[in-house]
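The values are calculated or read from the model by the stated rules, or taken from the named source; none is laboratory data. As the structure is a prediction and not an experimental result, all values here were calculated from the model. Note that we place each Cβ from the backbone using ideal geometry, even for glycine, and neighbour counts take in every protein chain shown. For accessibility, only protein heavy atoms count, side chains too; no ligands or nucleic acids. Shrake-Rupley method; radii C 1.70, N 1.55, O 1.52, S 1.80 Å.
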Amino acid sequence: MQVLITGATGLVGSQITKLCHQKGFKVNYLTTSKGKIEDQPEYKGFYWNIENREIDENCFKNVDAIIHLAGADIAKRWTSSYKKEIIASRTQSADLLLETLKNSGFKIPRLISASAIGIYPSSLEKLYFEDDKSVDDSFLGEVVVLWEASADKFEDLGMEVAKIRIGLVLAREGGAFPKLKDPVSFNVGTAFGSGKQWQSWIHIEDLAGIFLCVLENKLSGVFNGVAPNPVTNEEMMKEIAAQLNKSIWLPNVPAIALKVALGEMSTVLLSSQLVSSDKIEKAGYEFRYKNLIKALEDLL
Ligand SMILES: NC(=O)c1ccc[n+]([C@@H]2O[C@H](COP(=O)([O-])OP(=O)(O)OC[C@H]3O[C@@H](n4cnc5c(N)ncnc54)[C@H](OP(=O)(O)O)[C@@H]3O)[C@@H](O)[C@H]2O)c1
């Protein structure tokens with residue numbers, strides 16, 4: 001098996017690459033940085049410049065599936081120009097892949113695209129499954145709708161399309177977890193807003209496992225990429241503190257302070273998504289980290 005990964009150099013992409021290599025799969029990857037290009041038999045980099053519609057077509061040679069992860073970091077202040085970049089880096093990149101496939105004649109059976117649980121409307125009570133059609137009335141909701149629509153267009157080429165709605169990824173090396181953990185280590189960790197918002201987290205190893213499960217079992221459609229036991233933000237902060245032998249700072253950071261400090265991006269910390277992992281489990285994926293305690297024991 002040979003896969004082409006966009007965003008392979010990022011947090012999730014590196015873990016998927018590692019798992020591919022453990023299974024003996026070769027990885028081609030597209031990168032926007034020429035400095036990140038490597039040329040090894042199992043790991044070959046190719047350059048693309050999405051804005052200039054430039055892509056090295058050799059990336060598609062002998063590829064059985066595309067895993068599309070590329071996208072500008074969501075956790076930066078959402079100025080109007082950065083919002084455009086958040087959308088374009090996901091949708092124009094997908095369009096460039098699609099156009100190049102159409103024009104070059106390469107036939108690739110499937111696409112697996114990253115997506116996000118931010119599509120589900122914020123709720124403290126509702127449990128979300130993949131077939132829920134409601135969309136959060138926020139910039140993130142808008143991003144995910146456009147992102148998934150750009151993935152769906154690959155069906156026009158006769159390709160199978162899967163979309164993984166990723167939750168809060170817990171990883172030692174990056175993403176949200178170090179930002180949650182470090183203040184606790186320095187005795188200033190605290191919950192955000194009411195602390196009652198649901199955080200549907202996933203350990204990075206399980207997320208990579210889900211992508212590979214979808215790939216190897218030729219699954220299509222939407223799958224939530226979350227662990228079976230979501231927690232509230234307050235529970236998450238308390239558990240991190242307990243495992244570090246610290247206590248969390250009281251009171252919580254008020255929502256209004258987060259809105260002043262982070263602007264609209266504060267919705268990432270304050271919105272609440274209680275999301276089910278049933279569908280991917282029924283499709284055969286067995287989670288390694290089902291409970292937060294075990295995941296944190298590994299990460300800390
Ligand atoms: N981590 C999470 O908690 C989480 C949650 C929900 C959804 N997701 C989604 O899952 C995907 C992977 O997440 P991640 O945490 O691995 O992200 P990441 O570490 O930021 O990596 C994303 C990769 O995308 C490429 N990239 C960055 N900016 C780009 C731009 N403007 N145009 C084109 N490519 C760009 C970069 O690769 P090159 O430098 O090699 O080009 C980068 O390594 C992202 O789309 C993310 O939104 C992640």
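Output the Kirkwood hydrodynamic radius of the chain, Cα pairs only, in Å rounded to one decimal.
Mean inverse Cα-Cα distance, inverted, gives 19.8 Å.
Any idea what the dipole of region 1-158 comes to, in debye rounded to 20, about its Cα centre with Lys/Arg Cβ at +1 and Asp/Glu Cβ at -1?
500
Quick one: angle between helix 176-185 and the longest Cα principal axis of the chain, in degrees between 0 and 90, rounded to 10, please.
30
Could you give the size of the charge dipole of the chain about its Cα centre, using +1 on the Cβ of each K and R and -1 on the Cβ of each D and E, expressed in debye and rounded to the nearest 20?
The dipole of the chain has a size of about 420 debye.
Just how much of Asp73 is accessible, in Å², when a 1.4 Å probe is used and the result is rounded to the nearest 10?
Approximately 80 Å² for this residue.
Distance in nm between label sites at Asn229 and Glu281, each 7 Å beyond Cα in the beta-carbon direction?
The answer from the label model is 1.1 nm.
Assign unit charges at the C-beta atoms only (+1 for Lys and Arg, -1 for Asp and Glu), then state the dipole size of region 1-42 relative to its Cα centre in Debye, rounded to the nearest 20.
Using Cβ point charges on Lys, Arg, Asp and Glu, region 1-42 gives about 80 debye.
Once the dipole of the chain is set up with Lys and Arg at +1 and Asp and Glu at -1 on Cβ about the Cα centre, which of Ile74, Val184, Ser14 lies farthest towards its positive end?
The residue sitting farthest along the positive end of the dipole is Val184.
Please give the Cα centre distance for region 29-107 versus region 174-200, rounded to the nearest Å.
Value for the Cα centre distance between the two parts: 32 Å.
Roughly how much of Lys84 is accessible, in Å² to the nearest 10, using a 1.4 Å probe?
So the heavy atoms of Lys84 present about 150 Å² to solvent.
Ignoring ligands and nucleic acids, what accessible area does Ser81 show with a 1.4 Å probe (Å², nearest 10)?
80
Which of these, Ala257, Ala88, Ala208, has the largest mean-square fluctuation under a Gaussian network model of the chain (Cα springs below 10 Å)?
Checking each option, the largest mean-square fluctuation is seen for Ala257.
If you fit an axis through the alpha-carbon atoms of helix 204-216 and take the longest principal axis of the Cα set of the chain, what angle between them do you get, 0 to 90°, nearest 10?
Once rounded, one gets 30 degrees.
So, with a 1.4 angstrom probe, what is the percent of accessible area on the chain that is carbon and sulfur?
Looking at the chain in its full context, I get 51 percent from C and S.
Accessible area per residue of region 8-110 at 1.4 Å probe, in Å²?
Normalised by residue count, the accessible surface of region 8-110 is 51 Å².
Determine which aspartates and glutamates satisfy two conditions relative to Lys83: a Cα distance under 16 Å, and not lying fewer than 8 residues away in the same chain.
Correct list for Lys83: Glu51, Asp73, Asp137, Glu142, Glu264.
What ranking of Phe60, Phe129, Phe25 comes out by heavy-atom accessible area, probe 1.4 Å, highest first?
Heavy-atom accessible area, descending, gives Phe129, Phe25, Phe60.
Where a Cα-Cα gap under 19 Å defines reach, which lysines qualify for Lys76, not counting those fewer than 8 residues away within the same chain?
Result set, ordered by chain and number: Lys84, Lys179, Lys181, Lys259.
Going by alpha carbons, how many degrees (0 to 90, nearest 10) lie between the helix axis of 11-22 and the longest principal axis of the chain?
So the inclination is approximately 60 degrees.
What residue among Arg165, Arg53, Arg110 has the largest mean-square fluctuation in a Gaussian network model of the chain, using Cα springs under 10 Å?
Maximum among the listed residues: Arg53.
Can you pick out the pairs among Lys133/Lys282; Lys153/Lys218; Lys23/Lys294; Lys34/Lys279 whose Cα atoms lie more than 29 Å from each other? Display every interim value, and only then the final one.
Details: Lys133/Lys282 21 Å; Lys153/Lys218 18 Å; Lys23/Lys294 25 Å; Lys34/Lys279 39 Å.
In this structure, Lys34/Lys279 exceed 29 Å between Cα atoms.
Could you give the C-alpha radius of gyration of region 50-94 expressed as a fraction of 2.2 N^0.38 Å, taking N as the number of residues it contains?
My calculation over the Cα atoms of region 50-94 gives 1.40.
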